[in-house]
Each structure stands twice: as structure tokens, then as C-alpha cells.
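Colleague: What follows is a structure written as C-alpha cells; I'll ask about it next.
The values are calculated or read from the model by the stated rules, or taken from the named source; none is laboratory data. Treat the numbers as computed from the prediction; the structure is a model and nothing was measured. Please note: Cβ atoms are built from the backbone with ideal geometry, for glycine as well, and neighbour counts cover all protein chains shown. Heavy atoms of the whole protein, side chains included, go into the accessibility calculation; ligands, DNA and RNA do not. Shrake-Rupley method; radii C 1.70, N 1.55, O 1.52, S 1.80 Å.
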Amino acid sequence: MMKTHTCGELREKDAGTSVQLAGWVNRRRDQGGLIFIDLRDRWGITQAVVDLEAAPEAHAIADSVRNEYVLRIHGTVRIRPEGTANPDLATGDIDIVADQIEILNRSHTPPFYINKDEGALDEALRMRHRYLDLRRETMQQNILLRHRVVKFIRDFLDAEDFIEIETPILFKTTPEGARDFLVPSRLQPGMFYALPQSPQQLKQLLMVGGFERYFQIARCFRDEDLRGDRQPEFTQLDLEMSFVQREDVMRLMEQLATEIVRQVTPQKRLIAQPFPRIRYRDALEQYGTDRPDIRFDLRAVDISEIAGRSAFPVFAANVQAGKKVKCMRVPGLAGTLSGTQLRKVARDLETMARRAGAKGLAYITIPTDPAGELKGPIGKFFSVELKLELLAAMGAQGGDLLLFMSDEAQIVYAVTDALRNHFKAELDLDDDLLAFCWIYDFPEFIWDAEHQRWDPSQHMFTMPLPEDLHLLDSDPGRARGSQYDLVCNGYEVGGGSIRIHDRAIQEKIFPLIGQSMQQAIAEFGHMLEAFEYGAPPHGGMAWGIDRLVMLLAGAPNIREVIAFPKTQGGTDIMAHAPSTAEPEQLRDLHIQLDMPAE
């Protein structure tokens, strides 16, 4: 071994020990007869001192080294002279008196600092030199955290009698909500494999195979547009359990999430335990989204009954037409603004609401003086009695701003979500607070008006709630699925459901989603056949490892916790992927390109 110790382990007890370290030059300081080198590896930093008189050859080499050179240093551990200890380093009470230095490799000047945080460093530059970016302390800590999270998951599930089983990467193309990445087959011209969007079918077949408790740290692939919490290839914890009901899976998964936080990131704080459970419909009505951030309590409240009795014609007409009127209370905001400032804020918020599809956004301000009048463009349309009812319904206090929305339900949801995200950005929420919650009772189907069919809200193998099974024949839009999503700080961390294990039930799904039985058998015949050989009741869940680690690391996006991510354009600008293929490769695969016009 080129090193006897790491750069993070030596302490005062090691004084007098002859050691050999290897790593990168984090920093070099020349004080003439003495040269100080901070040597860095994955475990930490140790200072080496090179004395011209005691080690002239080593000093000559140290004089030539620069940041990011790779060195091997031999020397003796000593306790630092009084007054020179560095409390910011774990090894700050000792240094190494070097007697030999070997340059293992030299380095060009890096395009950005590695030994200090430059703040808003250009991401494209970081991606182009990702191998250098990975040396930075923040990235090293993120990747190490990811390792610890995955190891903890494996150990936890092993203790719960799960077994890890790998499923194929080359599978068949099936509709699962996103575009497949296709892989042409050379041996079977014109035929294609698909990279799995998830191991959904395979893990269900493992339950039919009798393993009962399966998990996998699975690589998954989806050819979809990217954003901060999405990549074309990603990692998920995939698991499945036999002979369980929804509550069994949710209880175990909540325990896993809780223990990850407590044991891997104890500096994080869980806001609520047990995790709050919110019905899908309630999440939309109150938060405008099925992945709410519940660290803050801005909610939309239905005040249709009050607003419908007001003299404001828009509210009266909308309530008469069956539309709801929602109100959101922003505590204290109006009390901090002048009249001019308030009108500007109101205009900006209305612009935001219009972008979300609304026709406008009304407001009322609550005076700080108890004897004062409600102000705002629609205040005059509410009688004294209605104002009192409104204040009571909203729990309003002096200085609050009340925002009013009324439109089609989907538009009100979009406005609610937009407003919450806007105010969230101004709250400077603590990233160490983790607010997990469960969203459940999703609809089994969502109507696709363009194609005149039902689409599964999760996937086609989700079992409807037992009490709603009869609705598949009479009113599928009212049927609820056994789906459950785990949400944290506004991100969907994981999702699962109890699965269909009965062929007759599964066959009811296909015509509802626009598939003929001939199509269904061609694509899913292996599943239908398996269900006829004693398939047990089963359910499971998949967690997004990238999103989970992002939240635990307090990172702004998942690219910060993936060693080699793609850009938002889906490219690897370090290796220049995707790239063109050689004509011979295309010929072997029987592929001809039909390129779009420039």
C-alpha cells in the first residue's frame, strides 16, 4: 500500500509514529525554509511540514508542487507547536514532519477552485470537468451520504427478511406512462428491447415465484423531459411484499424513513410523527397539489358558502354555477407594506395567478387597528356580518392579506400551488426540517379527453380499493385505487400500491384504458398467465433514491447527489454523450437514419 494511514485519522496519540500518506495537494504555503502542504484524501486533510535543513531533497520537491498534484509523503507525526493547532481540522492538533516526498502525478491548474467554495459556480463548467467537481468537499459528502443511505436500506430490509434480487435491464417495451429507451436487437432484426422504466412487472412475478419479500436498488430509465428532480436514468429502491394490505406496507415504509433520518442524518428533524395522512382530494383542495410541502401552513379554504352571499357578482355567479370560491390567508404580510407596496404586490400576485390560468386574483387586507375597515377592491361587497363570518372562517388577524380564487377546479388548484410556491421561496425554510406525509385514496383512473379513454393514475396493475371494485363496471371515474405516495418537503419520495393479482380483475382494466384484449395479451400475456398459477395478494413501493438523498443532503437538485448526471438537456457534456454511431454499427443493427431537417 502507498499509504499507512488516511489523511483524516491521525491524532495526538500517534505522535512519534512513522507514517506514509498519499493524496492531493489541497494547499501549499511557502515560508522560505519551511513549506507547509495540506494533503487531502477522501477521509480528510493532514498538514505536512518540510524543513529545508532537515530534508533538503524533500524540500526541493515540495518547492515544485502545486495544488492538485498527487503526492506520497513519508514522515513522523508530531504534536503541533503551541498556538499553531487548527480547530477546523479533525487532524488539526498534529502535523507530519516530512523526510521524503514523491510526486505521483502532476496537475494542470484546475478550471475552478477545489479547495474552497466559489458560490454560484457555473454548472456547465462543473459537468464538463465532473471528475474534478467530485473532489470538492460538498460533492464528496453528498456521494458518501448516498452510500450510507443505500447501505442502511440494505441492512434494514435484510433484517426484515427481504432478499435482494436483480431483474433484467433488457426487457420488453410496454406502456408505463413515459417513453421507453429502445435497444435494437442485432440477432433479431427489427426487434427491440426496452430499458425498464421500473421493474414493476418483474417484481410482481417474483411474488408469484414465492419469494414473498423482495427488494432491489434498481436502475430505471425514462425518456422524458428533464427538470431539477428528474433524470433520464435514475436509481430507485424497489420492493414488493406478499400477503399484505395497504397499511402493512405503509407502516414498514414509514419505519424505514424514520430510521434513515435518525441514524444516517441525525442533524435532520422530523416535523411530525406518525407521518400525517392526507387524502388525495384534500391535498388538491387545500394545497393545490398531491405533493404538498407541509412545513408551512398556507392553505386554500373553501368559503363558497360565505362568498356566494356577497354582492360581488363574480363570486355569486360562480357559486351559482357550481364553482368554488377559495381563500388563502397570508399572515402579517399586509401589515408590513405601505399602500403603494401592497398594490404592487397584489399586481404581481395577480400576474402569477393569470399565468396559472386564472382570470384574476382578488384580495382583502385586515387592518391592524381593530376598529379599522377591511380594505381591498372587493371589501365593499361584503356586509359587516359576512366580514365577521369570513374573518372567523379564515382565522384572520390584523395585518393579514386574504387572497381569493374562483374558477374551474383545476385552475384553482394551479393558482393555489403557484401562490404557495411563491411564498415558500420567501420563507427561507430550514432544510434540516423534514415534513413527510402520506397521500392516499388516489383515483384509480384519470379521464383523457383527447383520446377518450381512462388513464391509470399510477399504473394498470394497481388494485382498486375493495369497496370500489364494483365501480369498474358502472362508474370507473369514481373508483379509488389502493395507491399511496410518500411526500417530503414538496417532493414525491416514493409511491406504491396494492397490486392486482386476479386475472379477471386485471382484464377489466384493459378496455377502460383503451386496449383491446388482443393488445393486452400481446403485451402482458405473461402477467395474465402468471395470475392463473396461484398469485398471492401483494403490494409494494418504489423510492426515488436520488430525491431522498437530495433532501437529506439539503441539495438544490438531484444532480448534486449523482456522481455523473446528465444536464437538463439530457447530455453528458464531459463524455459528449449521446454521440453518433459508426455506419458499420448501424448496418449491423439494420438501422437507417431519417434525420429531421436542420
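Colleague: What ranking, highest mean first, results for peptides 159-171, 244-256 when packing means the other Cβ atoms within 10 Å averaged over each residue?
Modeller: Order by mean packing, descending: 244-256, 159-171.
Colleague: So what's the gap between the Cα centers of the range 546-560 and the range 340-363, to the nearest angstrom?
Modeller: What the calculation gives is 32 Å, centre to centre.
Colleague: What number does the range 219-289 give for Rg over Rh if you use C-alpha atoms and the Kirkwood radius?
Modeller: Answer for the range 219-289: 1.02.
Colleague: If the only charges are +1 at each Lys and Arg Cβ and -1 at each Asp and Glu Cβ, what is the size of the charge dipole of the range 1-144 around the Cα centre, to the nearest 20 debye?
Modeller: It comes to approximately 480 debye.
Colleague: Between LEU386, SER338, LEU349, whose Cα lies farthest towards the positive end of the dipole of the range 306-392 when Lys and Arg beta carbons carry +1 and Asp and Glu beta carbons carry -1, centred on the Cα centre?
Modeller: LEU349
Colleague: Just report the Cα centroid separation between the range 205-254 and the range 574-588, whole Å.
Modeller: For the range 205-254 versus the range 574-588, the Cα centre distance is 32 Å.
Colleague: Would you mind calculating the relative contact order of the range 524-575 from Cα pairs under 8 angstrom and at least 6 residues apart, reporting the percent as a whole number?
Modeller: Dividing the mean separation by the residue count of the range 524-575 yields 17 percent.
Colleague: Still on this structure, I have one more. Can you classify the range 353-480 as rounded, prolate or oblate using the Cα gyration tensor, where a ≥ b ≥ c are the square roots of its eigenvalues, rounded means a/c under 1.5, and otherwise it's prolate if a/b beats b/c and oblate if not?
Modeller: Here the range 353-480 falls in the prolate category.
Colleague: Which percent of Cα pairs goes in each bin when the distances of the range 446-598 are cut into 5 angstrom slices starting at zero?
Modeller: Going from the shortest bin to the longest, the percentages are 2, 7, 12, 12, 12, 11, 12, 14, 12, 5, 1, 0.
Colleague: May I ask you to derive the relative contact order of the chain, considering only C-alpha pairs under 8 Å and at least 6 residues apart, and to give it as an integer percent?
Modeller: Normalised by residue count, the contact order of the chain is 13 percent.
Colleague: Among ALA396, ALA358, ILE153, flag the residue with its Cα farthest along the positive direction of the charge dipole of the chain, charges on Cβ as +1 for Lys/Arg and -1 for Asp/Glu.
Modeller: ALA396
Colleague: Take each uninterrupted DSSP H stretch in the chain, measure its Cα extent along the helix axis, and return the ones at 20 Å or beyond whose mean Kyte-Doolittle hydropathy is at least -0.5.
Modeller: Answer set is 137-159, 246-264, 409-427.
Colleague: Too long at a 22 Å Cα-Cα cut-off: which of LYS116/LYS424; LYS326/LYS359; LYS172/LYS203; LYS268/LYS566?
Modeller: The pairs that break the limit, which is 22 Å between Cα atoms, are LYS116/LYS424; LYS268/LYS566.
Colleague: In the range 1-141, how does Rg compare with the Kirkwood Rh, expressed as the Rg/Rh ratio over alpha carbon atoms?
Modeller: Result: Rg/Rh = 0.98.
Colleague: Sticking with this one: If I histogram all Cα-Cα distances within the range 87-233 using bins 5 Å wide from 0, what percent of pairs lands in each bin?
Modeller: 2, 7, 10, 11, 13, 14, 12, 10, 9, 6, 4, 3, 1, 0
Colleague: Between the alpha-carbon centers of the range 273-287 and the range 452-469, tell me the distance in whole angstrom.
Modeller: 20 Å
Colleague: If amide H atoms are built 1.01 Å from N in the plane of the peptide, which residues on other chains or at least 5 residues away come under 5 Å of the amide H of THR17?
Modeller: Under 5 Å from the amide H of THR17: VAL77.
Colleague: Return the carbon/sulfur percentage of the accessible area of the range 503-598, one whole number, probe 1.4 Å, all protein chains in place.
Modeller: Taking all protein chains in place, the range 503-598 shows 54 percent carbon and sulfur surface.
Colleague: Which number do you get for Rg(Cα) / (2.2 N^0.38 Å) in the range 99-155?
Modeller: Relative to the 2.2 N^0.38 Å estimate, the range 99-155 comes out at 1.49.
Colleague: At 1.4 Å probe size, with every protein chain present, just tell me what the per residue accessible area of the chain comes to in Å².
Modeller: Averaged over the residues of the chain, the accessible area is 50 Å².
Colleague: When you count, for each residue, the other Cβ atoms within 10 Å and take the mean per peptide, how do 491-502, 179-190 rank with the highest first?
Modeller: 491-502, 179-190
Colleague: Could you sort the peptides 113-125, 509-521 by per-residue average Cβ neighbour count (10 Å cutoff), highest mean leading?
Modeller: The densest-packed peptide leads the list: 509-521, 113-125.
Colleague: Can I ask one more? Restricting to Cα pairs below 8 Å that are 6+ residues apart, what does the relative contact order work out to for the range 472-574? Please round to a whole percent.
Modeller: Once divided by the residue count of the range 472-574, the mean separation gives 24 percent.
Colleague: Taking the radius of gyration and the Kirkwood hydrodynamic radius from Cα positions alone, what is the Rg/Rh ratio for the range 454-536, to two decimal places?
Modeller: Result: Rg/Rh = 1.00.
Colleague: Only Lys, Arg, Asp and Glu count, each charged at its Cβ (+1, +1, -1, -1), so figure out the dipole size of the range 168-221 about its Cα centre, rounded to 20 debye.
Modeller: Value, rounded to 20: 100 debye.
Colleague: Diagonalise the Cα gyration tensor of the chain and give the resulting equivalent ellipsoid semi-axes, square root of 5 times each eigenvalue, largest first, whole Å.
Modeller: Each semi-axis is the square root of five times an eigenvalue, giving 51, 38, 24 Å.
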